[in-house]
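To start, the structure itself, in structure tokens.
Laboratory data are not the source of any read-out in this text; all were calculated from the coordinates shown. This structure is a prediction, so every number in the text was calculated from the model and none was measured. Every residue, glycine as well, gets a Cβ built from its backbone with ideal geometry; the counts of neighbours run over all protein chains shown.
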Amino acid sequence: MTDATLDFRASAPLTMGVELELQLIDRRTGDLTRGASDLIALVSKKPFPGEVKPEITESMLEISTSVQSAYDPLRAELLAMRDKLVAGADRLDLEVAGGGSHPFQRWQDRQIYDRPRFRHVAGLYGYLAKQFTVFGQHVHVGCENGTQAMCLLHRLAPYVPQFIALAASSPYFQGVDTSYDCARLNSINAFPLSGRAPFLTDWAAFERFFNKLKSLGVVESMKDFYWDIRPKPEYGTVEVRVFDTPLTVDRAAVLAAYVQAICRMLLRQPTPVAEDIYLTYNYNRFQACRFGLEGQLIDGITGETGPVHQQVLRTIDACRPGASELGSTAALDEIERWVRSEGNDARWQRETFQRRHSLAELVLKSADRWRGTADSAADASDTSREPLETP
Amino acid sequence: MDLSFLPDWPPVWPAAVAVAVLALFAAAAGEAAARWLRVPRLLGYLAAGAVFGTAGYLLELLQVEPLPTRTLQFSMDFAAAVILFDLGQRVSFGWIRRNPALLGASVLESALSFAGVFAVMRMLDFAPLPSALIAAISMSTSPAVVLAVTREMRAQGQVTERTLLLTALNSIYAVVLSTLLLAWARVETRGVLDDFLLHPAWLIAGSLGLAALGARVFLLVVGFVGRDRSVQILVMLAVVWIVFASAVALRLSPLLALLACGGFVRTFDRERLLATTDFGLASGVALTLFFALSAAVVDGSALFGAWMAALALTLVRVACKVGAVGVLAPLTGISLRKGLLTGLGLLPMSATAIMLTQQVSQLNPQLGAQTSSVLLASVLILQVVGTLTLMLALRASGEARAER
């Protein structure tokens, strides 16, 4: 078998795009329900900003933005998509919701979406494919070439715990409080090609690696890698995949702008990449999944330790100059607000459950939040919460 | 030797035991239908009921033991009450606010069915009033069949939800219209107009008022007792019983009262208590009994009914329902194909239609006799055919859970 070249399509650096996997919810029970194909058919009748696609089961769908270069237009596009989707869902008596996991769905009840690739995945992974009913946000950042993408990928790795903790919105899974802020990544860890990408820093090396695995029959395409961060040669991007889908599109836009600001900082001050960052990678990743912003991180190179929220605040300070040029100061302010007072979505979910004692109710409240119509009284009580301890 | 401790011969059982014996047969027959014929269980329940009814009829002919028809009838009415309440709380009436075209589709399919059946009956030389009554009642889809089949197949999706909604709506139209027609019949015979609107007004306003009251009581008690499932089911059965008995006692429409009670429960449920409530168990038991009993008590003379008229009614009803829901499908936000499948889902008729005819027979025996022969025969056809088309529609739309 001759080695195929894996062409990396050049794209404008620091452009970005967002993909969100969403839940389709039954209005009465709060359970996941089938309806992706009907909703997609309905919203596709009229021009839809960005794109809407089916996902592996009939109760999931994926929306993706067009290529954007700044926070404000990205947020505007996400809001427009959200509104179109909600209007369509209303006509079909469905609710759409964010969140990294559905709190109580039973994976046995899921039906695999009828497309060859999904049937293939279901046949290969068995029950894992249905248990894979988890919902993530993917952020793409444009790169000039494959080597730049591979370097950026490894230099983003130390920020992965921050990303996980900020976006975490999957505390409940299969009807129980998992005690994790982000239980979703535990589901993904079960797949053989998940976790971190191998330490390859130029594109030719990565191509050789890919072709080797392909000739061994381990993978067929880039889609078979479920890595936390992976290159996406056909888009010309690096794709960060560790985010849980947030409960609102506003948060999704903020997270994308945060990644963009960090990438800008990394590209402006090139420091050599060292494999030692991965010494503590899995440990830090676990801390972020389990304890969210309170997770304790260890720097693999300096040995320094500290909580995730401290790292976030430091990163925000370091990014600020570049962020003002990118037009995403507001996004950084927003992240600072989460860290200092509001917390992540997992915290909102736990507090809402404690108030209502019903996971179904939690899901329906999350759907209200996704709509952007959550009642203001509840919001007021949300913001009156005690702030997280910050240094 | 004193043998007085022994029972009298033959021993005396309470009549209700017949229901229990029938339930045993039905449970087994339902499983047989699902396992060997791969059809919905309700067809097995019906078969068990039919055999039981025939056997009872023979025993009665041989003067061995009369079938306790009153007990059976009462059990069946109560089972129907549970089913109607369950449908009412299952259906999303608020949906028509968010998608008004659905109400249009509902009105059109019912109006067309009415017009089509009325025209056919007139062509077959039925008088205008019986024709209109038959047409009004055949607007309705069987709530029992639709609930039983969607539950059994664990169906989820647009065809399922729309079938449930349109069924609840056309059942309501049928009650209201048949009441109006009965009132009109009284006006015709007595020539006084003043009570034309009085009876329907009493029936509709009274039933809705009773339903709202029942719903408030239900939510009050359920909100207090919390989330224990068995207690929730008990409260549900108690409220259904009270609303049903009150509707009968006050000469209201039990069908309308219970359907509306379920709907109000969902509408008034601001705390979303219902989100975690599942009446599936109670409803499943009620459905089994309902189908078995409805076949057991069916009047044997229905077999000599107006088969030609029933066949004509069936054909025109199929064309109207499938056509109307299909044509309006794109306006309501789904594909033509799913619209046509929803139309097929609306075909089942069942004993709930017969219960409407019974109301007619009580109030106007002559009119009752004219309409019931056609309707009974139609129910016999459409109960089986409609169940199968609904099953096929759910399978074809991919909304049924994959069979094991």
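Evaluate the distance, in nm, between pseudo-label points positioned 7 Å from the Cα of B:Ser361 and of B:Thr69 along their respective Cα→Cβ axes.
0.7 nm
May I ask for the net charge around B:Met236, where only other residues with Cβ less than 15 Å from the Cβ of B:Met236 are counted and Lys, Arg are +1 while Asp, Glu are -1?
In short, +1.
Just to check I understand the Karplus step: with θ = phi - 60° and J = 6.51 cos²θ - 1.76 cosθ + 1.60, what whole-Hz values come out for the range A:119-126, glycine and proline as x?
Values, residue by residue: 5, 4, 4, 5, x, 6, 9, x Hz.
Distance from the Cα centre of the range A:142-187 to that of the range B:362-404, in angstrom?
54 Å
Using only Cα positions of the protein assembly as shown, each an equal point scatterer, no hydration layer, compute I(q)/I(0) via Debye at q = 0.05, 0.06 Å⁻¹ and quote the log10 values to two decimals.
Each listed q corresponds, in turn, to -0.34, -0.47.
Rg/Rh for the range B:17-396: what does it come to with C-alpha atoms and Rh from Kirkwood?
0.95
Skipping prolines and chain starts, which residues have an amide H placed within reach, meaning under 5 Å, of the one on A:Ala197, given they are 5 or more residues away or on another chain?
A:Asp228, A:Ile229
Shape verdict for the range A:112-245, please, from the Cα gyration tensor: rounded (a/c under 1.5), prolate (a/b greater than b/c) or oblate.
oblate
If you filter the range A:276-364 for GluC sites (Glu not before Pro), then keep DSSP loop positions with at most 12 other Cβ within 10 Å, what is left?
When the GluC sites (Glu not before Pro) of the range A:276-364 are filtered for loop state and at most 12 Cβ neighbours within 10 Å, A:Glu304 remain.
Count the lysine pairs in the range A:16-370 whose Cα atoms lie under 21 Å apart, taking only pairs 8 or more positions apart in sequence or on different chains.
Lysine pairs, 8 or more places apart or on different chains, close enough: 14.
Rounded to the nearest 0.05, what FRET efficiency is calculated for B:Glu271 and B:Thr54 with R0 set to 45 Å and r the Cβ-Cβ distance?
Efficiency at R0 = 45 Å is approximately 0.35.
Quick one: Kirkwood hydrodynamic radius for the range A:54-179, alpha-carbon pairs, angstrom, one decimal?
Taking the inverse mean of 1/r over all distinct Cα pairs, the range A:54-179 comes out at 17.3 Å.
Full-extension gain between A:Asp299 and A:Thr329, please, as 0.36 nm times their residue separation minus the C-alpha to C-alpha distance.
Contour length minus Cα-Cα distance gives 8.1 nm.
Looking at the square roots a ≥ b ≥ c of the eigenvalues of the Cα gyration tensor of the range B:313-404, which shape do they give, rounded for a/c under 1.5, prolate if a/b is larger than b/c, or oblate?
It is prolate, given that a/c is not under 1.5 and a/b is the larger ratio.
So what are the ³J(HN,Hα) numbers for the range A:340-347, from phi and the Karplus equation (6.51, -1.76, 1.60; θ = phi - 60°), rounded to whole Hz, Gly and Pro as x?
Values per residue, Gly and Pro as x: 7, 9, 7, x, 8, 5, 4, 5 Hz.
If each residue's Cβ is checked for other Cβ atoms within 10 Å, how do A:Lys46, A:Lys232 rank with the fewest at the top?
Lowest count first: A:Lys46, A:Lys232.
Using the count of nearby Cβ atoms within 10 Å as a rough guide to exposure, how do B:Ser75, B:Ser171, A:Ser324 rank from fewest to most?
Ranking B:Ser75, B:Ser171, A:Ser324 by Cβ neighbours within 10 Å, fewest first, gives A:Ser324, B:Ser75, B:Ser171.
Please order A:Ile316, A:Ile25 by the number of other Cβ within 10 Å, starting at the fewest.
Sorted ascending by nearby Cβ count, the order is A:Ile316, A:Ile25.
Considering only A:Leu216, A:Leu39, A:Leu92, give the residue with the highest GNM mean-square fluctuation for chain A, with springs between Cα atoms whenever their separation is below 10 Å.
Most flexible of the set in this elastic network: A:Leu216.
Per DSSP H run of n ≥ 4, the term is -39500 (n - 2.57); total these for chain A, divide by its residue number, and report the mean residue ellipticity at 222 nm rounded to 500 deg cm²/dmol.
Taking each H run of at least 4 residues, the total per residue is -13500 deg cm²/dmol.
Under 5 Å between amide hydrogens, which residues at least 5 positions from A:Asp181 or on another chain qualify, with H placed 1.01 Å from N in the peptide plane?
A:Arg290, A:Phe291, A:Gly292
Under the rule of at least 5 residues apart or a separate chain, name every residue whose amide H is placed under 5 Å from the amide H of A:Ser101.
Counting only residues 5 or more places away or on other chains, the set is A:Phe135.
Mean separation of Cα pairs under 8 Å and 6+ residues apart, divided by the residue count of chain A: what relative contact order is that in percent?
22 percent
Gaussian network model of chain B, Cα springs within a sub-10 Å range: biggest mean-square fluctuation belongs to which of B:Tyr45, B:Tyr57, B:Tyr173?
Among B:Tyr45, B:Tyr57, B:Tyr173, the largest GNM mean-square fluctuation belongs to B:Tyr57.
What three numbers, in Å, describe the spread of the alpha carbons of the range A:16-370 along their principal axes, ordered from the longest?
For the range A:16-370, the Cα extents along the three principal axes come out at 54, 50, 39 Å.
Leaving out same-chain residues fewer than 8 places away, which aspartates and glutamates sit with a Cα under 14 Å from that of B:Lys321?
B:Glu109
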